[in-house]
Amino acid sequence: MSSREEFEAWVVREGVARLTEQKPDLSQGTAEFIVREIALKRDGEGYQPQRTQQHWEGWQASRAALSVELPDVGISWPDDIDEGVKYREEYRQECIKALEAAGIEVQP
């Protein structure tokens, strides 16, 4: 899930909770529709509602401030050294992809 998808899921979760608390007769589905149509209305790369846009900018800034340095791959000593090194590098690349998908910057 991308950072934007996580953000939008958060907006929907919080929006539905607030809306159904204020209007208990409102169904979850209707509340979700309202939140998606109003709070998540897009304006290019951003959001039309100023509050949603401000939350989005804060969300992005919070993730930009976090950077993780992964350890060097190093040397492995399995029966087949070449295969061990290859596996470790593949594992490292998978870690990088997972961190970046979560919106975390990985230092080179």
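The values are calculated or read from the model by the stated rules, or taken from the named source; none is laboratory data. Because the structure is a prediction, the values reported are computed rather than measured. Positions of Cβ are generated from backbone atoms using ideal geometry, with glycine treated the same way; all protein chains shown enter the neighbour counts.
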| message | Quick check on region 35-50. Is at least one of its residues without any contact (Cβ under 8 Å) to a residue 60 or more places away in the chain, under 22 Å from GLU105 (Cα atoms), exposed (fewer than 15 other Cβ atoms within 10 Å of the Cβ) and acidic (Asp, Glu)? | response | yes
| said: Condition first: of a type in the set (Val, Ile, Thr) and in contact with a helix residue (DSSP H, G or I) (Cβ under 7 Å, 6 or more places away or on another chain). Now tell me which residues in region 35-50 satisfy that. | reply: VAL35
| task | Scan the helices (runs of 4 or more DSSP H) fully inside the chain and keep the ones with 1 or more residues being in contact with a strand residue (DSSP E or B) (Cβ under 9 Å, 6 or more places away or on another chain) and at pLDDT below 95. | result | 50-64, 81-101
